[in-house]
1. What are the semi-axes of the equivalent ellipsoid for the range 171-318, taken as the square roots of 5 times the Cα gyration tensor eigenvalues, largest first, in whole Å?
2. How much accessible surface area, in Å² rounded to 10, belongs to the heavy atoms of S346 with a 1.4 Å probe?
3. How much of the accessible area of the range 172-295, in percent, comes from carbon and sulfur atoms when a 1.4 Å probe is used?
4. Given the convex hull over the Cα atoms of the range 245-312, what projected area results after averaging over all orientations, in nm²?
5. Please work out the Cα convex hull volume for the range 219-261 and give it in Å³ per residue.
6. Is the shape of the range 127-194 best called rounded, prolate or oblate, per the rule: a/c under 1.5 gives rounded, else a/b larger than b/c gives prolate, else oblate, with a ≥ b ≥ c the square roots of the Cα gyration tensor eigenvalues?
7. Hey, what's the range 288-327 come to in accessible area per residue, 1.4 Å probe, Å²?
Amino acid sequence: MSTNKKTVMDRRTLLRAGAAAAFAAPIGAYSAQAFAPRPITPAIDFSEFPICKAVSDAPPLSGTPRKLKLSWNAGAVCLAPLPVAIDHGFFQKQNLDVELVNYSGSTDQLLEAIATGKSDAGLGMALRWLKPLEQGFDVKIAAGTHGGCMRVLTRANSGIGNLADLKGKIVAVGDLAGPDKNFFSIQLSKLGIDPVRDVDWRVYPGNLLNVAVEKGEVQAFLSSDPLAYLWLKDTQYKEVASNLDGEYRDKSCCIVGLRGSLVREEPHVARAITQALLDAAMFTSQNPDKAAKSFQPYAPKAASLADLEAMARYHTHHHHPTGEVLKRELKGYADDLKSVQVFKQSTDTAKFAERIYVDVFSV
């Protein structure tokens with residue numbers, strides 16, 4: 001739906017529409033109009049985030065609110081800071097009028113939409129975005145947003161206790177090029193296990209991955225929250241690994257991408273939307289109960305407010321790097337993707353990270 005005044009829907013109706021479409025997973029994209037936020041932006045305790053305190057002092061845009069389109073996957077609970085930014089006035093604080101676009105097409109289509117101006121910004125998984133960005137899309141990465149949300153699950157009595165036990169097993173995935181498949185392939189490679197030869201990956205619809213295990217067709221499956229979290233509430237399942245294990249506990253898995261021409265032509269607008277998202281992430285970290293309420297209209301019916309709050313607490317919304325920290329993370333992921341033959345061996349990962357990153361707070 002566009003912002004055309006001829007179409008009038010109340011906030012609850014729009015939110016329900018976003019939730020329904022998120023789980024119907026249509027081909028392509030549709031949009032939901034940004035809703036009127038609360039007039040007063042809640043306070044954030046910046047003492048918990050000393051690195052972000054300085055950039056948070058930048059003034060908001062002046063004049064008429066700047067209209068922007070921001071693409072996201074409305075079913076991804078780890079992106080709860082987006083409805084938080086609307087409900088609690090973080091976009092309004094920066095004088096932005098943001099329209100959320102729920103995009104369910106391919107990643108290449110999404111990045112092309114941002115690069116060509118059909119959307120101004122987007123949030124997505126680094127391990128899905130970096131390969132298309134290696135190919136040259138005009139999209140700049142301004143910040144990380146959080147860590148955590150990808151998991152390996154199996155039956156409680158499967159005998160699989162760790163990633164190494166996946167060697168020789170059949171594992172279900174929703175997408176052979178998905179970020180979870182890439183992430184856990186990288187981890188297997190680091191254990192000396194060839195993720196191509198030593199694991200038999202099978203593709204199933206994302207909401208039926210557990211059925212493949214129940215039928216005995218696979219021994220484990222990869223999934224993301226909220227579905228992974230909800231399945232784990234059933235005692236017949238257990239978690240084998242997640243992307244918060246080991247060194248990845250302190251790394252972001254989702255990133256903010258901005259239209260390259262926006263960064264070059266309106267750097268203050270690029271700064272404003274990035275700042276709003278960082279503020280919303282900090283608020284989510286400190287107020288997971290409120291974040292759960294903002295995301296609930298997009299969540300599966302089986303997810304209670306308590307479930308959503310638990311997921312908001314589990315995901316590391318306090319970790320949203322910029323600057324040199326983010327560039328190191330981007331280079332590290334690029335190195336990892338090269339190790340499993342996703343990136344070209346000729347790619348200079350340091351130059352790659354430098355090329356795709358933008359410091360919006362230096363303007």
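The values are calculated or read from the model by the stated rules, or taken from the named source; none is laboratory data. Since this is a predicted model, take the numbers as computed values, not measurements. The area values use the complete protein model at the heavy-atom level, side chains included, leaving out ligands, DNA and RNA. Shrake-Rupley method; radii C 1.70, N 1.55, O 1.52, S 1.80 Å.
1. Numbers: eigenvalues 190, 95, 41 Å².
Values for the range 171-318, descending: 31, 22, 14 Å.
2. Roughly 100 Å² of S346 is accessible to a 1.4 Å probe.
3. On the way: 2210 of 4640 Å².
Carbon with sulfur: 48 percent of the solvent-accessible area.
4. Values: hull surface 25.3 nm².
For the range 245-312, the mean projected area of the Cα convex hull comes to 6.3 nm².
5. On the way: hull volume 5.0 nm³, N = 43.
Convex hull of Cα atoms, per residue: 117 Å³.
6. Working: a/c = 2.60, a/b = 2.10, b/c = 1.23.
The shape class here is prolate.
7. Details: 1710 Å² over 40 residues.
I get 43 Å² per residue for this part.
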